[in-house]
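Asker: The structure's right below; bear with me while I get my questions together.
The values are calculated or read from the model by the stated rules, or taken from the named source; none is laboratory data. These numbers come from a predicted model, not from an experiment. Glycine gets a Cβ as well: all are built from the backbone with ideal geometry, and neighbour counts include every protein chain shown.
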Amino acid sequence: MKGFRISPSMAVVAVLIVLTALGAWRYDGFIGAYNVQSVLRYNSMFALVALGMCFVIMTGGIDLSVGSVAAFASVVSAYLSPYGLLAGLIGGLVAGMLAGTINALLITRLKIMPFIATLATMLAASGTALLLANNQSVSVSYDTAFTALGQGDLLSFLRPEWVDGENAGLLGGALGFILGFPTPAWMALVAYIVGAVVINHTAFGRSVLAVGGGTEASRLMGLSVDRTIFSVYVISGAMAGLAGVILASQFGAGQPIEGVGWELFAIASVVVGGTLLTGGNGSIGGTLAGALLLGIIFTILNFENGVGWISLSAYWQSVVRGLFLFVVVVLQAKLSKRVQAQA
Amino acid sequence: MPWPTVLIREAREQNNVFDRALFFQRYGVALAVVLLILFNFAVTPNFATAQTVAVNLSQICTIVIVGVGMTLVIATGGIDLSVGSLMAIAGALSPMFFTGQLLPMPNLYMAIAAGIFIPILVAGIFGLFNGWLITRFSIQPIIATLVLFIAGRGIAQVSTNGDLQVFKVPEFQAIAIGRVLGVPFQVWIMLVIVAAAAFVLRRTVFGKQVLAVGGNEEAARLSGIPVTRIKFLVYFICGMCSGVAGLIVIAMNSAADANLIGLGMELDAIAAVVVGGTLLSGGRATIVGTLLGALVIQLVRYTLLANGVPDPAALVVKAGLIVLAVWLQRQEQA
Amino acid sequence: MTASLLSMQAISKSFGGVPALVEATLDIQPAEIMAVVGQNGAGKSTMIKILNGAYVRDSGSINFSGAPWTADSPQQAQRAGISTIFQEINLIGYRSVAENIFLGREPRRSFGFVDWSKMNADAAALLARFDVKVDVREPLENFSTAIQQMVAIARAVSFDARLVIMDEPTSSLDEAEVSVLLRTVRQLKADGVAVIFVSHKLDELYAVCDRVTIMRDGRTVSVSKMSDISKLQLVASMLGRDLAEVKKKGATAFEEGSGVIGGELLNARNLAIGHRVQDATLDVRKGEIIGLAGLLGSGRTETARAIFAADKKSGGSIAFDSADGNFKSPADAIAAGMGYCSEDRKTQGIVPGMSVADNLTLALMPALARSGMLDEKKQRQIVERFIQDIGIKCAGPDQKIKELSGGNQQKVLLARWLCMNPKLLILDEPTRGIDVGAKAEIQNLIRKLADEGLGVLMISSELEEIVEGADRVFVLRDGRTVEEFNHGDVTEAKVMHAMAHGTDQRSQGTEQRV
């Protein structure tokens, strides 16, 4: 038996905890309900996109289209929002899956490399979104429950009155805190749990990692490689579609020009979360931690400015995110070199 | 002649099979440009005016300049996602020099010289950082350059605190909007860079070595070609090209906005390179093709706009063009 | 004799008109370990690929377990009882040992979830049969190549394979690992599984195999019991040499050298490179052609690459041209006057999309530069001179090299070094895959160059090329220099003997030199 080893995804969870603890110690209200919930509400979209990206990257592919697909889906779902919550939700999801299917077809049928195929879909989705929306944002309907998807707190109706009282205590505080989670956070959480179960406990999930670990070997082992690759791009499209639905619902409008740079944020989350960019190894939980870590950096910078001790502008967040990516990528490279040297 | 004529004929006949593919590979983009121009002559009103030519050329200047660097990088089998961020760094840095904000200069022209050369060099140095990550740690270029894609814009934003730097320095802005022989100066810069790079790629040892590294890295190494140095150099050049493009952008706008300079440029440049006929896997590259590729994309967009098709539709068409170009490459390799 | 488990009769297969197999046969008894041997191009791998469904045969019949057999793919063959373990282990390093055994048919629980505990237990039980005790939950890449081989075998067995094909399974194993693998092979036999064992290491074949099928030029030339054939006979049969009348001359275009052999040029001592080479020693003098012989996998190419600094060596020292020859990179070796034509023209030699002229001057280019610009006039002169001198048949210097025939590509690659005026040229299989005419021209050229003072280190699998072409011959066996011959007393029989038995004669030949 080998000794206990620190996996890259455990490391990022540790960093996340340390940063959160640091924030809690340093800033008032950092782990207050309001701050945590707004961080979660805003970052849920990115987390969902990163989850889809994680599936794609695990097979050794990449999906650059997620940002504009989310924008496209937000427009579609905004148009459908007058027909109800479900119509908006399903509409956005289907729009995303449609774009994902186009990616999948370009990659598995025309054998166009993922980088270029998804780049083209990115442009096409963005163009289609702008065409559909006439270059403007599309207001969602406030007559239906659609906006609850992004703005509501799913379980708040379960929240008893007393937790807001003086004598709520720690338990009551925690209960109120959790039941007050925003709806998008619940959606992301469920998606991540399902994603983790699929990757770790289904044959499909194992084939995703196997294909990324060795395409030719997987084929020789009798796995249907093309079907696996097809599926991950559809999943990624679906996640981007869901993010688009939340986007429309949260900001009250379908946003055809949103989504710029989301793909790279998602890639960074996945990589920082310990998933190998070359595919074959990775962690769903790590991706969530990676997305939260990159998200929390922004918040910390905000709070730091509030304290005014050292004034760091919010613009440092990109620098810090890049730095994280740099460290992770170099560590990954060194690690894989050592493995090669051993072999 | 040492070889019998039969053999020459044989070799030619062998080529015949590939002639059509070869023809499209070589002249497809040029043909597309010619067809688009002819189409516009016939259909689009006021197409054959100096104004139209200038507008279309100005639109592609920065894309082509960055595309030149990108072509060299792709020729070695790499890719550079950081170009837009490097444009932002150069663009954000430059005004600090020519407005004398950073350090006082004896006269305006020295300040402008510093405001031009130092930012370009800084962008080049960031390019070297890309090269270092790629060669030292064998990190895939797409990931290695992602680091600066993210951090680079942050650096630009931090150095200006995210503020818009507005200026009115006609002497500096001449690099974009000045005219020589009626043609905008930025178009001249583009043409000079294209000509120089095309010359380097075709005529110099460095150019041949770039193609050899992309065509067969192991063979290049076994032939004593300094593969690492070549890679460093192409990313350095690509960084400097981005720097030049960044300066042109701020000169055109008389303002530097670190949040916006070069946003999305990496994709425009890659699209131009691919449509131009450079092989994404490396080993075959054409600088003039990149110019033509950018021109095709721009002309398609212009044609659609001038004929009443909304702008976003051009994006969809551009996507189709990219897929078509790459698909053609695949067919020809298979 | 019982009914055969596998019977392949009169199998023929050609690729683009070139025959790879001509009425070849292969017969395997149940629970038999059959060695299949032959040189490169003898047809072994084509035969195996037809059997496991990677290729479709042109003609011939295959019976497996008493029924006609056709497989569409290796996966289908595997499900039907024939498993192949490829030379490059086709497993997935990041995934766990258990997953690698059960990928694609994981045991399930309800709702289609993978039953991890059953999978891990089954995997551990399977491996235990071969005395392999590892934590099956660990990623495969954490284990040695030998364990990975064992996992591949366990995967094969878990499909209830009745025939396991092993393609050079020991090529990247060290000695201890080899013995573990051989034990596993015997265990398979004991369990009633037949094995096709492809290897070039004679000792292993004799240690584990029951019978041997020898292939040459796409035909099955001999089948015999391992105990009935001597190593020498086996090698002779493989190389197509009649022991009784090995011809002295005539098979190649090599003539007697007429040049004067000068002082020492290269002296490589006790080289060690990874697993493959333990102790390779050789030297080359000016104006001399040195033949480097050995079976496949004996470490010839690795030795050559280490001398050229294309790979790092882990031990030993090299002197070149009366100076230190332990170079850091090919660029240094080239600067000192070496050239290296690799055995694999396509992946390590030509830059396919570039012209003949650019390929020919790839190494010379820096010297052709005037302030960075390529002096194309000078380049053209040089290229045209070489095209003429060594008879490269092409439409002209601007033709792309990928359009040339193999022989002409090889000439361009030779010229790549010749235009540098090197002192030492290392040629790895310089005439492989080249038609007869071009072969003779290249052999003549090599001789002529040596007569003009060039030192040549030539690796070849063709005995006549070594025996007739070389002034001296070094023989490698399992990563060690085992013999050195002078031109006067070298015969094919002696070289074969050294390749087969190696160390037996070492004391007489090379020991004093070391």
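Asker: Output the residue which, of all residues in the range C:228-244 that are among the charged types (D, E, K, R) and modelled with pLDDT under 85, is farthest from C:VAL36 (Cα to Cα). Spell out the reasoning first.
Answerer: Step one: list which residues in the range C:228-244 are among the charged types (D, E, K, R), which gives C:228, C:231, C:241-242.
Those still in the list that are modelled with pLDDT under 85 too: C:231, C:241-242.
Details: C:LYS231: 14, C:ARG241: 18, C:ASP242: 20 Å.
Result: C:ASP242.
Asker: If only one of B:PHE129, B:PHE149 is at the interface with chain A (Cβ under 7 Å from one of its Cβ atoms) and among the aromatic types (Phe, Trp, Tyr), which one is it?
Answerer: Answer to the check: B:PHE149.
Asker: Let me ask you something else. State all residues of the range C:94-119 that are surrounded by 20 or more Cβ atoms within 10 Å (Cβ to Cβ) and not β-branched (Val, Ile, Thr); if no residue qualifies, say none.
Answerer: Scanning the range C:94-119 gives C:TYR94, C:ARG95, C:SER96, C:ALA98, C:GLU99, C:ASN100, C:PHE102, C:LEU103, C:GLU106, C:MET119.
Asker: For residues that are closer than 30 Å to A:SER231 by Cα and more than 8 Å from chain B (Cβ to nearest Cβ), scanning just the range A:111-144, find the one that is surrounded by the most Cβ atoms within 10 Å (Cβ to Cβ). First the steps, then the outcome.
Answerer: Here is the first cut: in the range A:111-144, the residues closer than 30 Å to A:SER231 by Cα are A:111-133.
If we keep only those that are more than 8 Å from chain B (Cβ to nearest Cβ) too, we end up with A:114, A:118, A:125, A:132-133.
Working: A:PRO114: 22, A:THR118: 30, A:ALA125: 35, A:LEU132: 18, A:ALA133: 23.
Out of the qualifying residues, it is A:ALA125.
Asker: Quick one: in the range C:346-375, which of the residues that are assigned to a loop (DSSP other than H, G, I, E, B) and more than 7 Å from chain B (Cβ to nearest Cβ) is surrounded by the most Cβ atoms within 10 Å (Cβ to Cβ)? Don't jump to the end; show me each part of the working.
Answerer: Initially, the range C:346-375 is screened for residues assigned to a loop (DSSP other than H, G, I, E, B), giving C:349-354, C:361-364, C:371-372, C:375.
Retained after the next criterion (residues that are more than 7 Å from chain B (Cβ to nearest Cβ)): C:361, C:364, C:371, C:375.
On the way: C:THR361: 29, C:LEU364: 24, C:SER371: 5, C:ASP375: 16.
In this case the residue turns out to be C:THR361.
Asker: If I filter the range B:156-179 down to residues being of a type outside the set (A, V, I, L, M, F, W, C) and part of a loop (DSSP other than H, G, I, E, B), which single residue comes out as modelled with the lowest pLDDT?
Answerer: Top of the filtered list is B:GLY162.
Asker: Out of (1) at pLDDT 90 or above; (2) away from chain A (no Cβ under 12 Å), what's the single condition that is false for C:GLY81?
Answerer: (1) is the only condition that C:GLY81 fails.
Asker: Of these, B:ILE65, B:ILE79, which one is closer than 14 Å to B:ALA272 by Cβ and not in a helix (DSSP H, G or I)?
Answerer: Values: B:ILE65 fails: not in a helix (DSSP H, G or I).
B:ILE79 is the lone residue from the list that is closer than 14 Å to B:ALA272 by Cβ and not in a helix (DSSP H, G or I).
Asker: So which helices (runs of 4 or more DSSP H) are wholly in the range A:206-325 and hold at least 3 residues that are buried (at least 24 other Cβ atoms within 10 Å of the Cβ), in contact (Cβ under 8 Å) with a residue 40 or more places away in the chain and among the aliphatic types (A, V, I, L, M)?
Answerer: Values: elements: A:215-220, A:225-251, A:262-272, A:284-307.
By residue number, A:225-251, A:262-272, A:284-307.
Asker: Can I ask one more? Collect the residues in the range B:315-326 that are over 16 Å from B:TYR27 (Cα atoms) and within 7 Å of another protein chain (Cβ to nearest Cβ), keeping them in residue-number order.
Answerer: Looking only at the range B:315-326, we keep the residues that are over 16 Å from B:TYR27 (Cα atoms), and these are B:315-320, B:322-323.
Result: B:LEU315, B:VAL316, B:LYS318, B:ALA319, B:ILE322, B:VAL323.
Asker: crowded, with 20+ Cβ neighbours inside 10 Å and of a type outside the set (A, V, I, L, M): is that true of A:PRO82 in this structure?
Answerer: Numbers: crowded, with 20+ Cβ neighbours inside 10 Å: no; of a type outside the set (A, V, I, L, M): yes.
For A:PRO82, the condition - crowded, with 20+ Cβ neighbours inside 10 Å and of a type outside the set (A, V, I, L, M) - is not met.
Asker: Let me ask something else about it. Kindly indicate which of C:ALA319, C:ALA309, C:ALA336, C:ALA323 is closer than 19 Å to B:GLU217 by Cβ, among the aliphatic types (A, V, I, L, M) and either out of contact with any His (no Cβ under 7 Å at 6 or more places or on another chain) or at pLDDT 90 or above (or both). Let's see the steps before the verdict.
Answerer: Working: C:ALA319 fails: closer than 19 Å to B:GLU217 by Cβ; C:ALA336 fails: closer than 19 Å to B:GLU217 by Cβ; C:ALA323 fails: closer than 19 Å to B:GLU217 by Cβ.
Result: C:ALA309 is the single residue among C:ALA319, C:ALA309, C:ALA336, C:ALA323 that is closer than 19 Å to B:GLU217 by Cβ, among the aliphatic types (A, V, I, L, M) and either out of contact with any His (no Cβ under 7 Å at 6 or more places or on another chain) or at pLDDT 90 or above (or both).
Asker: Provide a single number: the residues in the range B:298-325 that are surrounded by 24 or more Cβ atoms within 10 Å (Cβ to Cβ) and of a type in the set (Val, Ile, Thr).
Answerer: Number of matching residues: 1.
Asker: Right, something else. Within the range A:206-217, can you find the residues that are more than 17 Å from A:PRO114 (Cβ to Cβ) and either more than 8 Å from every other protein chain (Cβ to nearest Cβ) or of a type in the set (Ser, Thr, Tyr) (or both)?
Answerer: The one that is more than 17 Å from A:PRO114 (Cβ to Cβ) and either more than 8 Å from every other protein chain (Cβ to nearest Cβ) or of a type in the set (Ser, Thr, Tyr) (or both): A:SER207.
Asker: Tell me, which helices (runs of 4 or more DSSP H) lie completely within the range C:404-495 with 1 or more residues that are touching a Lys or Arg at 6+ places or on another chain (Cβ under 7 Å) and of a type in the set (Asp, Glu)?
Answerer: Numbers: elements: C:406-418, C:436-451, C:463-469.
The qualifying helices (runs of 4 or more DSSP H) are C:463-469.
Asker: Here is a follow-up. Can we say C:VAL208 is at pLDDT 90 or above, surrounded by fewer than 17 Cβ atoms within 10 Å (Cβ to Cβ), out of contact with any Gly (no Cβ under 6 Å at 6 or more places or on another chain) and not polar (S, T, N, Q)? Spell out how you get there, then give the answer.
Answerer: On the way: at pLDDT 90 or above: yes; surrounded by fewer than 17 Cβ atoms within 10 Å (Cβ to Cβ): no; out of contact with any Gly (no Cβ under 6 Å at 6 or more places or on another chain): yes; not polar (S, T, N, Q): yes.
When the stated conditions are applied, C:VAL208 does not pass them.
Asker: State which residue is farthest from the other protein chains (Cβ to nearest Cβ) when the search covers only the range C:386-436 and only residues that are over 23 Å from the mean Cα position of the chain (by Cα) and at positive phi. Give the steps one after another, and end with the answer.
Answerer: Step one: filter the range C:386-436 for residues over 23 Å from the mean Cα position of the chain (by Cα), giving C:386-404, C:412, C:415-424.
Those left that are additionally at positive phi: C:391, C:396, C:421.
Working: C:GLY391: 7, C:GLY396: 8, C:ASN421: 14 Å.
It comes out as C:ASN421.
Asker: While we're looking at this one, here's another question. On the given criteria, is C:ALA176 within 28 Å of A:VAL211 (Cα to Cα), assigned to a helix (DSSP H, G or I) and either more than 14 Å from chain A (Cβ to nearest Cβ) or of a type outside the set (Val, Ile, Thr) (or both)? If you could, list the steps in order and put the result at the bottom.
Answerer: Details: within 28 Å of A:VAL211 (Cα to Cα): no; assigned to a helix (DSSP H, G or I): yes; either more than 14 Å from chain A (Cβ to nearest Cβ) or of a type outside the set (Val, Ile, Thr) (or both): yes.
Here the answer is no, as C:ALA176 does not meet what is asked.
Asker: Give the range B:261-282 a look and list any residue that's surrounded by 24 or more Cβ atoms within 10 Å (Cβ to Cβ) and either within 14 Å of chain C (Cβ to nearest Cβ) or among the small types (Gly, Ala, Ser) (or both), or say none.
Answerer: B:GLY262, B:ALA269, B:ALA271, B:ALA272, B:GLY276, B:GLY277, B:THR278
Asker: Scan C:LEU163, C:LEU182 and give me the residue that is farther than 19 Å from C:GLY274 by Cα and crowded, with 22+ Cβ neighbours inside 10 Å.
Answerer: Values: C:LEU182 fails: crowded, with 22+ Cβ neighbours inside 10 Å.
The match here is C:LEU163.
Asker: Also: Looking at B:MET87, B:MET96 in this structure, which one is surrounded by 19 or more Cβ atoms within 10 Å (Cβ to Cβ) and farther than 16 Å from B:VAL169 by Cβ? Show your work before the answer.
Answerer: On the way: B:MET96 fails: farther than 16 Å from B:VAL169 by Cβ.
Going through B:MET87, B:MET96 in turn, just one is surrounded by 19 or more Cβ atoms within 10 Å (Cβ to Cβ) and farther than 16 Å from B:VAL169 by Cβ: B:MET87.
Asker: While we're here: Say whether the condition of being farther than 24 Å from A:PRO114 by Cβ and over 23 Å from the mean Cα position of the chain (by Cα) is met by at least one residue in the range B:129-144.
Answerer: The answer is yes, given that some residue of the range B:129-144 is farther than 24 Å from A:PRO114 by Cβ and over 23 Å from the mean Cα position of the chain (by Cα).
Asker: For the range B:188-202, does any single residue satisfy the condition of being within 14 Å of chain C (Cβ to nearest Cβ), over 19 Å from B:LEU292 (Cα atoms), under 22 Å from the mean Cα position of the chain (by Cα) and crowded, with 24+ Cβ neighbours inside 10 Å?
Answerer: First pass over the range B:188-202, keeping only residues within 14 Å of chain C (Cβ to nearest Cβ): B:196-202.
Now narrow it down to the ones that are over 19 Å from B:LEU292 (Cα atoms): none.
No.
Asker: Could you name every one of the strands (runs of 3 or more DSSP E) located completely within the range C:259-343 that has at least 1 residues being within 25 Å of C:LYS494 (Cβ to Cβ) and touching a helix residue (DSSP H, G or I) at 6+ places or on another chain (Cβ under 9 Å)? So that I can check it myself, show each step before the final result.
Answerer: Numbers: elements: C:264-273, C:277-285, C:289-293, C:315-320, C:338-341.
So the answer is C:264-273, C:277-285, C:289-293.
Asker: Further question: In this structure, does B:ALA258 turn out to be of a type in the set (Gly, Ala, Ser), touching a helix residue (DSSP H, G or I) at 6+ places or on another chain (Cβ under 9 Å), within 10 Å of chain A (Cβ to nearest Cβ) and free of Cβ contacts under 8 Å to residues at least 40 places away in the same chain?
Answerer: On the way: of a type in the set (Gly, Ala, Ser): yes; touching a helix residue (DSSP H, G or I) at 6+ places or on another chain (Cβ under 9 Å): yes; within 10 Å of chain A (Cβ to nearest Cβ): yes; free of Cβ contacts under 8 Å to residues at least 40 places away in the same chain: no.
The answer is no for B:ALA258.
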